[in-house]
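The values are calculated or read from the model by the stated rules, or taken from the named source; none is laboratory data. Worth saying up front: this structure is predicted, and the values here are computed from it rather than measured. Quick reminder, even Gly has a Cβ in these numbers, built from the backbone with ideal geometry, and neighbours come from all protein chains shown. Only protein heavy atoms, including side chains, enter the accessible area calculation; ligands, DNA and RNA are left aside. Shrake-Rupley method; radii C 1.70, N 1.55, O 1.52, S 1.80 Å.
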Amino acid sequence: MIIIMNSHVTDNEIDAVTEKLESFGMGAHLSRGTERTIIGLIGDERQVDRELLLALPGVEDVLRILKPYKIVSREAQESDTIVDINGIKIGGQTIQVIAGPCSVETQEQMDAAAAGVAAAGCRLMRGGAFKPRTSPYSFQGKGVEGLKIFRKAADGKNLPVVTELMDVRQLDSFLEHNVDVIQIGTRNMQNFDLLKEVGRIKTPVILKRGMSATVSEWLMAAEYIAAGGNHNIILCERGVRTFETAYRNMLDVTAIAFAKRETHLPVIADPSHAGGKTWMVPVLSRTAIAAGADGLLVEMHPTPCEAWCDADQALDAEQLKLLMAEISVMAEAIGRKV
Ligand code: PEP
Ligand code: MN
């Protein structure tokens with residue numbers, strides 16, 4: 001951390017900064033230039049509150065040198081993390097596609113969806129039992145009953161299940177039903193108590209980016225999970241809010257490339273919630289893979305026009321098959337496979 005003093009700084013003000021750093025157990029390295037004086041902090045800057053230094057007289061700016069995310073940064077680990085879900089690896093050479101309905105509706109719907117997911121060659125299945133809906137009057141998900149239905153359908157095809165956790169009170173049910181991957185949705189990316197709870201267990205977590213979160217905030221959210229001891233984290237870019245209203249969100253492909261460089265965690269993309277339209281899913285999927293995504297989270301439904309939730313962005317079983325073929329070509333072009 002570097003503390004930049006203003007041009008009229010006095011010796012007393014410099015001493016006050018040095019003493020403040022020492023009170024934190026840190027050292028200080030003073031450098032007097034012809035125009036400016038700067039003070040370098042010696043020690044772990046992450047333990048120092050920048051605001052406290054900015055508030056001192058004579059301080060113009062305080063710059064951090066280290067990444068605020070300690071465990072998830074590339075600085076901490078150079079090699080890619082590969083998250084292993086019952087032998088299925090996310091973050092390796094193979095691009096994994098997680099597909100399934102937006103929400104769990106009935107056993108018949110989930111059985112048909114599981115058949116479609118498996119037939120297309122996808123190795124993991126998604127489906128929401130607890131749904132974060134904009135309106136309290138919309139379908140809120142089947143809840144625990146939905147977890148049972150999902151488990152049964154997915155087990156029939158030997159597919160690990162990926163489902164969203166919205167509240168710490170649901171965690172016991174998730175563990176009871178052996179949820180293979182816990183999804184933290186965009187609206188809960190900064191629900192720090194929820195992040196801490198999933199950090200205490202070993203279940204892999206898909207951490208969706210908040211729809212208005214910076215990449216740094218997203219990585220700090222991942223750091224919350226990692227700090228608790230759970231390093232099985234998969235980041236998911238699902239589109240961000242912009243001024244545009246013609247489509248649901250903007251898939252931030254720049255963030256995919258950036259996050260891959262900035263962290264060692266696998267990064268996947270959700271083309272369904274990004275575009276919000278079925279026809280956009282293939283092109284956004286190819287784009288995400290070209291940008292370096294390690295996988296996709298895709299909504300599919302056996303009969304999209306009857307879906308209880310997000311009908312307009314769901315692929316049917318046939319379209320999912322086609323998507324798999326299309327992305328195989330893209331994957332091969334960049335030396336990966338599906
Ligand atoms: C979902 O994947 O079902 C979902 C609700 O996504 P998001 O949190 O990205 O809106
Ligand atoms: Mn959805």
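Observations, loosely collected:
- For the chain, the Cβ-based charge dipole about the Cα centre amounts to some 740 debye (Lys, Arg positive; Asp, Glu negative; other atoms uncharged).
- Estimated FRET transfer efficiency (Ala290, Ile65; beta-carbon r; R0 35 Å; 0.05): 0.60
- In region 40-175, lysine pairs closer than 29 Å at Cα, eight or more apart or cross-chain: 13
- Helix 215-227 and the longest principal axis of the C-alpha atoms of the chain enclose an angle of approximately 80°.
- Two-site label geometry, Ser31 and Ile334: point separation in nm, points 7 Å out along Cα→Cβ: 3.8 nm
- Region 108-237 - percent of accessible surface contributed by carbon and sulfur, probe 1.4 Å: 48 percent
- Region 284-338: relative contact order as a whole-number percent, Cα under 8 Å and 6+ apart: 35 percent
- Loop chymotrypsin sites (Phe, Trp or Tyr not before Pro), region 168-251, which have at most 12 other Cβ atoms in a 10 Å radius of their Cβ (DSSP): Phe243
- Of the GluC sites (Glu not before Pro) found in region 74-137, those in coil by DSSP whose Cβ has at most 11 other Cβ atoms within 10 Å are Glu78.
- Per the chain, cysteines lacking a partner by the 4.7 Å Cβ criterion: Cys122, Cys236, Cys305
- Placing unit charges on each Cβ (+1 for Lys and Arg, -1 for Asp and Glu) gives region 262-338 a dipole about its Cα centre, and among Thr278, Trp308, Ala293 the Cα reaching farthest toward its positive end belongs to Ala293.
- Dimensions of the chain from C-alpha coordinates, computed as largest minus smallest value along each principal axis and given longest first, are 76, 43, 39 Å.
- Relative contact order (%) - criterion: Cα under 8 Å, at least six apart; region: region 23-162: 16 percent
- Here the dipole of region 198-272 is about 200 debye; that uses its Cα centre as origin and unit charges on the Cβ of Lys and Arg (positive) and Asp and Glu (negative).
- Charge-dipole axis of the chain as Lys and Arg at +1 and Asp and Glu at -1 on Cβ define it, positive-most pick from Leu124, Met189, Ala255: Leu124
- Estimated dipole of region 30-90 in Debye, rounded to 20 [Cβ of Lys and Arg +1, of Asp and Glu -1, Cα centre]: 40 debye
- Percent antiparallel among DSSP beta bridges (both partners in the chain, rounded to 5): 40 percent
- Net charge of the neighbourhood of Val62, taken over other residues with C-beta under 12 Å away and scored Lys/Arg +1, Asp/Glu -1, is -2.
- Of Thr186, Thr81, Thr34, the residue with the greatest mean-square motion in the GNM of the chain, using alpha carbon springs below 10 Å, is Thr34.
- On a per residue basis, the chain carries 45 Å² of accessible surface, using protein heavy atoms and a 1.4 Å probe.
- Between Glu108 and Thr10, the distance separating the two model label sites (each 7 Å from Cα on the Cα→Cβ line) works out to 8.3 nm.
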